[in-house]
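Report on the following structure.
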Amino acid sequence: MFSLLYSDPRFYLINKHAGVSFHREGEEDGLLDAVRAGLRDDAVWPVHRLDRVTSGLILLARSSQVASQFGSAFADHAVEKYYLALSDRKPQKKQGLIKGDMEKGRGGAWRLLPAVQNPAITQFFSFSVQPGLRLFLLRPHSGKTHQLRVAMKSQSAPILGDVLYGGSPADRAYLHAYALRFMLDGEAFSFVCPPDHGAEFVSEALHTCLQREASAPWALAWPKI
């Protein structure tokens, strides 16, 4: 369900596997159950979460005080988050800003609206991996449900494997929480976690593209908000 990447007296950093729900669903253990059992530590507080289909980096606080610190940091957009996605469709534009309100549609899906009263905001770059496959580096500045999946669909490039939003069938939904950067108690942290599951995510072509284009995603000249 997960692998432990980094342990600090104040927090754990884990790599969540794709297909794992954050909370228990019926008889199926959720991610928090697995973490508490696997690390033999019941003192774990969630401070953000990922969709079931999404893999990658999740921070877990080890005290309520640290959970409150992280909660404030996320609310103030002081935690930089970067995601990877793959699509086999050509996007409307290769880089830029996706901004708009979101509303719930049918079948559990959401949709992007032209209004911007309380918008979801996502910056992105995209890069060619190989003919017919494009890598997207996504930086969300809000935390709306399904935000990145909806953003990709809005660019006519639904995520590969994300059938809810019209993506082509694949062995997984190709969305991964790739990097985090934040401050805690005056100490700077930055983490990068390349994906390790999914045929397209572990390909040599994808690895080469990541090394060339996005090894330090915060260093790119991101589109203005």
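The values are calculated or read from the model by the stated rules, or taken from the named source; none is laboratory data. Note that the structure is predicted; figures quoted are calculated from it, not measured. Backbone-built Cβ (ideal geometry, glycine too); neighbour counts: all protein chains shown. Note: areas computed on protein heavy atoms with side chains; ligands, DNA, RNA excluded. Shrake-Rupley method; radii C 1.70, N 1.55, O 1.52, S 1.80 Å.
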**Complete:** Number of Lys pairs in the chain closer than 19 Å at Cα, excluding neighbours under 8 places apart unless interchain, is 15
**Request:** Please name which of Gly56, Gln69, Ala43 has its Cα lying farthest along the dipole of segment 26-82 towards the positive end, using unit charges on Cβ (Lys, Arg +1; Asp, Glu -1) and the Cα centre as origin.
**Result:** Gln69
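Provide the FRET efficiency to the nearest 0.05 for the Met183-Lys224 pair, computing r from the beta carbons and using R0 = 22 Å. Display every interim value, and only then the final one.
Working: r = 23 Å, r/R0 = 1.05.
That gives a FRET efficiency of 0.45.
Can you compute the helix-only [θ] at 222 nm over the chain? Use -39500 (n - 2.57) per DSSP H run of at least 4 residues, normalise by all residues, nearest 500 deg cm²/dmol.
Values: 4 runs with 38 residues, N = 225.
Taken over the chain, the calculation gives -5000 deg cm²/dmol.
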**Prompt:** Using just the C-alpha positions of segment 23-118 as equal point scatterers, what log10 of I(q)/I(0) does the Debye formula give at each q in 0.24 1/Å?
**Reply:** -1.35
**Item:** Distance from segment 185-218 to segment 13-39 (C-alpha centre basis), Å
**Value:** 23 Å
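What does the convex hull of the Cα atoms of the chain come to per residue, in Å³, rounded to a whole number? Write out the running numbers ahead of the final one.
Working: hull volume 29.7 nm³, N = 225.
Once divided by residue count, the hull of the chain is 132 Å³.
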**Message:** Treating only the Cβ of Lys, Arg, Asp and Glu as charged (+1, +1, -1, -1), what charge dipole size does the chain show about its Cα centre? Round to the nearest 20 debye.
**Reply:** 900 debye
**Cα centroid separation, segment 95-137 to segment 144-176 (Å)** = 9 Å
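Per residue, how much accessible surface does segment 68-217 expose to a 1.4 Å probe? Answer in Å², no decimals. Walk me through the numbers before you get to the answer.
Numbers: 6980 Å² over 150 residues.
On a per-residue basis, 47 Å².
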**Rounded tilt (10° steps) of 204-213 against the dominant C-alpha axis of the chain** = 80 degrees
**Fill in**
Scoring only Lys, Arg, Asp and Glu (+1, +1, -1, -1) among other residues with Cβ under 12 Å from the Cβ of Leu206 yields -2
**Request:** Among Ser3, Gly167, Ala188, flag the residue with its Cα farthest along the positive direction of the charge dipole of the chain, charges on Cβ as +1 for Lys/Arg and -1 for Asp/Glu.
**Result:** Gly167
**Message:** Please check: in the Gaussian network model of the chain (C-alpha springs, under 10 Å), which one of Asp101, Asp41, Asp88 has the largest mean-square fluctuation.
**Reply:** Asp41
**Message:** I need to check one value: relative contact order of the chain, counting alpha carbon pairs closer than 8 Å and at least 6 residues apart, in percent.
**Reply:** 18 percent
**Item:** Local electrostatic count, Leu133, Cβ distance below 12 Å [Lys/Arg +1, Asp/Glu -1]
**Value:** +1
